[in-house]
Amino acid sequence: MSSGGKDRGTRESRERTRVYQARQTFHDSRIRRRRRDNLIAGIVGGLVIVGIVAVQTLYFTTGPGMPVPTPTSTSTPAPTPSVAPEAPVTETPAPEATPTTTP
């Protein structure tokens, strides 16, 4: 009895199964790595944006970008003389023109 053909078939089947599992493991590890890389990139990008906002805020509030205060006069205004209310203006009717007759 010869069992050479049977052994070769099971051996090839085991090899195919091993290669298939290796591909699945490789594919799963790539998916995990991409997910991890995206998470790290998102966190680093968020920290960079927060850092930029913080630096700009500090620059414009306490650093050289802060506006220079200009002195203003704080003198009190002189009192204005009170003005008496004016008398109401009444309109006078315009004199009517009289017709002139020539003799």
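The values are calculated or read from the model by the stated rules, or taken from the named source; none is laboratory data. Just so you know, these numbers come straight off a predicted model, no measurement behind them. Every residue, glycine as well, gets a Cβ built from its backbone with ideal geometry; the counts of neighbours run over all protein chains shown. What goes into the accessible areas is simple: the full protein's heavy atoms, side chains included, and nothing from ligands, DNA or RNA. Shrake-Rupley method; radii C 1.70, N 1.55, O 1.52, S 1.80 Å.
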Practice task
Kindly sort I31, I40 by accessible area of their heavy atoms, largest first, with the probe set to 1.4 Å.
Solution key: I40, I31
Completion exercise
When the charge dipole of the range 22-72 is computed with +1 on Lys and Arg Cβ and -1 on Asp and Glu Cβ about the Cα centre, the Cα farthest towards its positive end, among M66, L39, A54, belongs to L39
